[in-house]
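Note sheet for the following structure.
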Amino acid sequence: VELSCIIKSTVTPDPRIEWKKIRDGETSYVFFGNKMQGDFATRAEILSRTSLVIKNTTRMDTATYRCEVAAPADTKTIDEINIQLTVQ
């Protein structure tokens, strides 16, 4: 599964990008501090700095995934997008 977080324009040379998983009211990090967290460390990767690829998805991966971008030099310094993933 590939989830994309598109950054349209930014003047910040290296914006901070984080991915979080929200399931049953609990939030956990997927990608934080430039590395994968938890069980995602062995089965997920970041492509092109903004796309999250999860391999071997299961029903346990069903959740809302939030991509947060922090760009301190931009007019809009922080933005986020929520993507609902349902694994059948």
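All but one of (1) of a type outside the set (Lys, Arg); (2) more than 15 Å from residue 22 (Cβ to Cβ); (3) surrounded by 16 or more Cβ atoms within 10 Å (Cβ to Cβ) hold for residue 75; which doesn't?
Just one mismatch for residue 75, condition (3).
In contact with a strand residue (DSSP E or B) (Cβ under 8 Å, 6 or more places away or on another chain) and modelled with pLDDT under 95 - does that describe any residue in the stretch 54-62?
No, the conditions are met nowhere in the stretch 54-62.
Of everything in the stretch 66-84, what is of a type outside the set (Lys, Arg) and part of a loop (DSSP other than H, G, I, E, B)? Give them in sequence order.
Selection gives 71, 72, 73, 74, 75, 77.
Scan the stretch 20-36 and tell me whether some residue there is over 11 Å from the mean Cα position of the chain (by Cα) and aromatic (Phe, Trp, Tyr).
There is no residue in the stretch 20-36 that is over 11 Å from the mean Cα position of the chain (by Cα) and aromatic (Phe, Trp, Tyr).
Here are some residues: 17, 6, 22. Which one is touching a Ser or Thr at 6+ places or on another chain (Cβ under 8 Å), surrounded by fewer than 14 Cβ atoms within 10 Å (Cβ to Cβ) and in contact (Cβ under 8 Å) with a residue 40 or more places away in the chain?
6
Among the residues that make up the stretch 49-65, is at least one of them in contact with a Ser or Thr (Cβ under 8 Å, 6 or more places away or on another chain), part of a strand (DSSP E or B) and hydroxyl-bearing (Ser, Thr, Tyr)?
Scanning the stretch 49-65, I find at least one residue that is in contact with a Ser or Thr (Cβ under 8 Å, 6 or more places away or on another chain), part of a strand (DSSP E or B) and hydroxyl-bearing (Ser, Thr, Tyr), so the answer is yes.
Which ones in the stretch 32-44 are on the phi < 0 side of the Ramachandran plot and open to solvent by 70 Å² or more (accessible area, probe 1.4 Å)?
Filtering the stretch 32-44 for residues on the phi < 0 side of the Ramachandran plot gives 32, 35-37, 39-44.
Those that are on the phi < 0 side of the Ramachandran plot and open to solvent by 70 Å² or more (accessible area, probe 1.4 Å): 32, 35, 39, 42.
The values are calculated or read from the model by the stated rules, or taken from the named source; none is laboratory data. This is a predicted model, so every value here is computed, not measured. All Cβ positions, even for glycine, are placed from backbone atoms using ideal geometry, and neighbour counts span all protein chains on display. Protein only, heavy atoms only, side chains kept; ligands, DNA and RNA dropped before computing areas. Shrake-Rupley method; radii C 1.70, N 1.55, O 1.52, S 1.80 Å.
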